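The values are calculated or read from the model by the stated rules, or taken from the named source; none is laboratory data. Predicted model only: the values in this text are computed from it and were never measured. Neighbour counts are summed over all protein chains in view; Cβ atoms, including those assigned to glycine, are modelled from backbone coordinates with ideal geometry. Areas reflect the complete protein model, heavy atoms only, side chains present, ligands, DNA and RNA absent. Shrake-Rupley method; radii C 1.70, N 1.55, O 1.52, S 1.80 Å.
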Amino acid sequence: MKPLAATARGFAAATLLLTSALATPAAFAQDEERFIGLMSSYISLANAVVDTAERPETAIYLAIEGIFEVYEQRRDAPAAVKHLERLLDAHGDNQTVRNLIRFKLRDIYKETGRQEEALAQLDLIVAENAAVTGDR
């Protein structure tokens, strides 16, 4: 059992016991099903977070999306591009990271009307992945 899920289950059990001790039987019966459903959703969410943290590619994807969201809120696409290019330079030895960053750069270029640069990112994705698989 994963630690976060175990903590969530313990929290659910403690909350259920506390609720049952404080509520009238009728009120408890009405809310019990809803409570169990909410706690089940919470546990599922906690497990999903743990699963995400255990898969580096998923965590990297979410981090790249988060970086873009911050710059998007600032309305600063050029800074987002610079940030992603720095990450590309820093982690260029990992093809998965390169692919994820290049796809996001393609999106930014496309959204900002820089079609040729968007196409260039796609060309690089094809070339780099073909080189990795030996298909030149």
Filtering region 108-136 for residues that are open to solvent by less than 40 Å² (accessible area, probe 1.4 Å) and either aliphatic (A, V, I, L, M) or within 27 Å of Q73 (Cα to Cα) (or both) leaves a count of 6
Some residue of region 85-92 being open to solvent by 70 Å² or more (accessible area, probe 1.4 Å) and farther than 19 Å from E57 by Cα
no
Taking the condition of being farther than 28 Å from T133 by Cα and over 19 Å from the mean Cα position of the chain (by Cα), how many residues in region 49-99 meet it?
7
All but one of (1) touching a residue at least 12 places away in the same chain (Cβ under 8 Å); (2) open to solvent by less than 90 Å² (accessible area, probe 1.4 Å); (3) not charged (D, E, K, R) hold for P78, so report the exception by its number.
(1)
Can you pull out the residues in region 119-136 that are of a type in the set (A, V, I, L, M, F, W, C) and under 19 Å from V97 (Cβ atoms)?
A120, L122, L124, I125, V126, A127, A130, A131, V132
Per-region count, region 93-107, residues within 18 Å of L62 (Cβ to Cβ) and open to solvent by 70 Å² or more (accessible area, probe 1.4 Å)
1
